[in-house]
Amino acid sequence: MNKKQRVVEILKVLDELYPNAECSLEYDNPLQLLISTQLAAQCTDARVNIVTKDLYKKYQTAEDFANADLSELEQDIKSTGFYRNKAKNIIACCRQLIDKYDGKIPDNMEELLKLPGVGRKTANLVLYEIYGIPGVVVDTHAKRLSNLIGLTKNEDPEKIEYDLQKIVPKERWADFCHRLVFHGREICKARKPDCENCKINSLCDHYKKVKG
């Protein structure tokens, strides 16, 4: 069975296990998703959702973030980690949105990547969630599980993105990654994967190595 065939079989199982798998970040508009995804770097979605409940009451528009006091915003997002860099990027990003895009979120990869604090993971998620444009969202779960299963040998997220593009049906790019996230949280946990109770262990290289 080649990688494309394995992905088809993996998707069948994960679709059954996680039929409602979707983006875990809570947002009401494109700007909130953009900022929440930046906050989610090296932080859990659950923690980000706690922080943004109050954050999005205080800052409701790109102008609000663009004009925010840096030290105050740092404190508002402190528990997400790397808060100094994140606060600086969010303010700079929103200023650029206002100056270049009339406050709107760009609908293409090239322009999104020019925004401070926006990498390919954020851009792919925004393009899919907001504009319905297929994208492979490589977060820590997708990276780890793709390697364990044997779908890629790369560690660089961009290279993993391209590897998955070749073997996952285009219309399922984001869905596949969302399901990997859910499986990573439920079964294939970073500290101790529950291989014996994993429904896709017969399709996983790591399991074959563990079993010898």
### Task
Using the Cα centre as the reference, give the magnitude of the dipole from point charges on the C-beta atoms of region 65-198 (Lys, Arg: +1; Asp, Glu: -1; all else neutral), rounded to the nearest 20 debye.
400
### Query
Which whole-number percent gives the relative contact order of region 30-131, counting Cα pairs below 8 Å spaced six or more residues apart?
30
### Task
For the chain, find the longest principal axis of its Cα atoms and tell me its angle to the long axis of helix 120-131, 0 to 90°, nearest 10.
80
### Message
Please compute the volume of the convex hull spanned by the alpha-carbon atoms of region 59-212 and report it per residue in Å³.
### Response
128
### Query
Pairing the Cα long axis of helix 45-58 with the longest principal axis of the chain, what angle in degrees results, from 0 to 90 and rounded to the nearest 10?
20
### Task
With springs only between Cα atoms under 10 Å apart, run a GNM on the chain and tell me which of ASP99, ASP76, ASP175 wobbles the most.
ASP99
### Summary
Check: C-alpha center region 93-107 vs C-alpha center region 5-68, spacing in Å is 20
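Are there GluC sites (Glu not before Pro) in region 130-212 that DSSP puts in a loop and that have at most 11 other Cβ atoms within 10 Å, and which ones? Intermediate values should be presented prior to the final figure.
Numbers: sites: GLU155, GLU158, GLU161, GLU171, GLU186, GLU196; in loops: GLU155.
Answer by residue number: GLU155.
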### Query
Taking only DSSP H segments of four or more residues, each worth -39500 (n - 2.57), what value at 222 nm results for the chain once the sum is divided by all its residues, to the nearest 500 deg cm²/dmol?
-18000 deg cm²/dmol
### Built amide H within the under 5 Å cut-off of VAL168, gap 5+
none
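Below 8 Å, C-alpha to C-alpha, sequence gap of six or more: please give me the relative contact order for region 86-187 in percent.
Relative contact order for region 86-187 comes out at 20 percent.
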### Query
What is the fewest-to-most order of THR52, THR37 by other Cβ atoms lying within 10 Å of their Cβ?
THR52, THR37
### Query
Using alpha-carbon pairs under 8 Å, 6+ residues apart, how would you state the relative contact order of the chain in percent?
20
### Query
Going by alpha carbons, how many degrees (0 to 90, nearest 10) lie between the helix axis of 140-149 and the longest principal axis of the chain?
10
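Please go through the residue pairs LYS88/LYS192; LYS58/LYS104; LYS121/LYS211 and name each one whose alpha carbons sit more than 29 Å apart in this structure.
Check vs 29 Å cut-off fails for LYS88/LYS192; LYS121/LYS211.
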### Task
Treat the count of other C-beta atoms within 10 Å as a stand-in for reagent exposure and order SER202, SER36 from fewest to most.
SER202, SER36
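Coordinate-derived values only; no laboratory data. Model, not experiment: these values are computed from the prediction. Reconstructed Cβ throughout: ideal geometry from the backbone, glycine too, with neighbour counts over all protein chains shown.
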